[in-house]
Structure formats: C-alpha cells, structure tokens
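Report on the following structure.
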Amino acid sequence: GGLKGARVAVLCYNAQPDVEELRVLKTFLDAGGKLVVCYSASDRLAKLMDVRLGPLVTSEEPGQWASMSFDKARAKHFPALVYDVAWNLLLAGPGSESSASIATWNTARGASANRVACVRSRNGFWLSHVLRGGDPSGMKSMILAMLGECWPKVWRIAACHALQTAGCIDPADDLRETLDGLRNMNAEVGNPAVKSRLSRVPMLHRQMTREFVRGDYPAVMEVSATLHQRMVEAYGILQPARRNEFRGVWDHDGVGWVPGDWSMTCRILSQNGINAVFPNLAWPSKAHYPS
C-alpha cells in the first residue's frame with residue numbers, strides 16, 4: 001500500500017524486484033503513475049518501462065564514466081552536465097520508438113564515452129547507474145526535471161520554495177537579511193568582486209517573482225540558481241584568508257582530478273585555493289604501489 005496516492009516512485013536500487021513487487025509496480029504504472037529506476041537488472045521491470053536492458057560492464061580505468069551529458073533538444077529543463085562517477089553500468093537503451101536516450105556518459109576529460117546514461121519512456125526514466133550524489137546542485141536539478149516531467153505540479157512546489165528561500169545563507173532567514181549581512185562584511189574590505197556579484201541580486205529576485213506570476217516555474221528555478229551562485233561566491237570571497245591555512249581535498253581513486261594528469265589536477269586545485277591532497281593509494285581490491 002506504500003504507493004497509494006503517489007504520483008512518482010523512485011527506485012534508488014531495486015536490482016531484482018520479486019513477482020509481487022512487479023505486480024504492484026505494473027498496477028501503479030497502469031493507473032498513471034511514473035517511475036524513476038536506477039541501475040536495475042530486472043528484464044521484467046525494463047519491459048514495463050519500455051527499456052531494452054543490456055549487460056553489466058565494468059570500467060577499465062578511473063574516470064572512464066565521470067559525468068552525464070544531457071541532450072538539450074530531448075531534455076529541455078535538464079542541466080547540461082551532471083557529475084557522477086560510475087565504476088559499473090547496467091547498459092540500457094530505448095525499447096521502442098516511444099522511448100529515447102536523453103543522456104550519455106562522458107569521461108573525466110569531457111569526451112563522450114558512447115554509453116547511455118538515461119532513457120526516457122512514457123512511464124518515466126531509467127538510469128544505468130545509481131545516483132551517488134557527488135554533484136549536489138546538478139543532481140538536484142536533474143531529479144527536479146525528472147519529477148517535473150512525471151508530475152508537472154512539482155514545478156510550482158519547487159518554485160514556491162525557491163522564492164521563499166532565495167539567496168538565504170545561514171544564519172540569515174531571508175534575502176534582505178543575507179544581503180545586508182554580506183554588504184556589511186564587504187564595507188570593511190571594499191572588494192569590488194563582491195560588490196559586482198551582489199549588485200544584480202535584487203533584480204534577479206524581481207525576475208523570479210515575474211516568472212512565478214507568469215507561471216513559468218522552470219524559469220524561476222533557472223534564475224534562482226543564478227542568484228544562489230552569486231550569493232555563495234560573494235560569501236566565499238569574503239572569508240578571510242588565514243596565514244598557513246590548510247585546505248585539503250580527498251581523492252578517492254588516487255589518480256587525480258583528471259586521471260593520470262597530476263599537473264592539470266594540481267593546477268585546477270591551486271587556482272581554487274587548495275594546497276593539499278589526500279590521495280587514496282590503497283583499499284581492499286587495489287594498491288597504487290607494489291603490494
């Protein structure tokens with residue numbers, strides 16, 4: 001009875017639903033419900049979703065599948081790129097002319113890996129990997145686009161929330177309080193980069209309100225993202241540097257941001273104020289040294 005009254009169900013990792021689960025999911029879809037399926041090996045579920053399921057493939061090197069690139073012609077309100085590293089994929093493709101591939105995987109260097117990342121069908125969406133959450137902003141935009149297409153009312157709910165919380169950075173409760181706080185901080189240092197980022201924020205908030213009144217809720221979310229980015233950048237610039245401050249990152253694969261290219265990795269990190277790296281050089285199945 002868990003799906004009673006629901007419009008969309010997200011199957012985060014349901015590798016092999018049993019017969020009863022499949023019966024309930026079919027009833028849900030027949031009644032107009034939609035599914036977002038991640039990394040399932042169920043041929044029967046794939047058939048319900050009008051998806052052609054392929055084999056499991058494993059990456060041969062780090063960074064082989066590092067981001068999902070969406071086709072803007074087929075995925076109108078989706079972000080262009082979502083970062084999410086995958087080591088294994090359960091290949092999938094359109095099951096008929098009624099479904100379509102809307103995203104493919106890219107390598108860490110940005111080249112196409114020629115593997116389908118996401119299929120859209122009349123019953124929802126199918127992803128060839130689990131969502132790991134390495135790109136919170138891009139992931140949120142992608143999931144909102146999926147839910148908004150499955151249940152359009154979601155767009156208005158999201159736009160309402162975006163208007164209410166626009167530009168808020170803890171501990172401030174609203175945009176005006178946040179703006180006043182950042183401007184007061186900047187009054188002491190007079191950083192022009194902060195001033196330029198904050199100058200367009202009130203205009204962006206008015207634009208959000210206009211788009212909301214017009215009923216263009218996806219546009220509200222796009223402007224909201226721009227406004228939020230400006231506020232966060234201004235806040236970051238205003239943080240005082242401390243002498244000998246330690247700013248480190250964890251590198252899980254131990255091969256650098258761009259696998260094997262430590263010069264490029266260190267250049268990107270140092271340009272963004274990072275001065276230390278923790279490379280993971282050993283775990284139960286691998287070591288980057290004779291072991």
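Here are the numbers for this structure:
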| item | result |
| --- | --- |
| Output for the stretch 30-41, where each listed residue is within 16 Å of V57 (Cα to Cα) and in a loop (DSSP other than H, G, I, E, B) | Y39, S40, A41 |
| Within the stretch 64-82, tally of residues that are of a type in the set (A, V, I, L, M), open to solvent by less than 40 Å² (accessible area, probe 1.4 Å) and in a loop (DSSP other than H, G, I, E, B) | 1 |
| Breaking point among (1) in a helix (DSSP H, G or I); (2) aliphatic (A, V, I, L, M); (3) open to solvent by 40 Å² or more (accessible area, probe 1.4 Å), for A241 | (1) |
| Scope the stretch 84-99; condition crowded, with 16+ Cβ neighbours inside 10 Å and more than 16 Å from S40 (Cα to Cα); matching residues | D84, V85, S99 |
| Any hit, the stretch 205-218, residues being open to solvent by less than 30 Å² (accessible area, probe 1.4 Å) and farther than 23 Å from A75 by Cα | no |
| Wholly enclosed helices (runs of 4 or more DSSP H) of the stretch 136-189 bearing at least 1 residues within 27 Å of R7 (Cα to Cα), open to solvent by less than 70 Å² (accessible area, probe 1.4 Å) and in contact (Cβ under 8 Å) with a residue 24 or more places away in the chain | 136-150, 153-165 |
| Scan of the stretch 84-112 for residues that are among the polar types (S, T, N, Q) and in a strand (DSSP E or B), ordered by number | N88, S101, T104, N106, S112 |
| Test: residue in the stretch 42-61 that is polar (S, T, N, Q), free of Cβ contacts under 8 Å to residues at least 60 places away in the same chain, surrounded by 21 or more Cβ atoms within 10 Å (Cβ to Cβ) and not in a strand (DSSP E or B) | yes |
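The values are calculated or read from the model by the stated rules, or taken from the named source; none is laboratory data. Note that the structure is predicted; figures quoted are calculated from it, not measured. Using ideal geometry, Cβ is built from the backbone for each residue, glycine included, and neighbour counts are taken over all protein chains shown. Accessible surface is based on the protein model in full, side chains and every heavy atom, while ligands, DNA and RNA are left aside. Shrake-Rupley method; radii C 1.70, N 1.55, O 1.52, S 1.80 Å.
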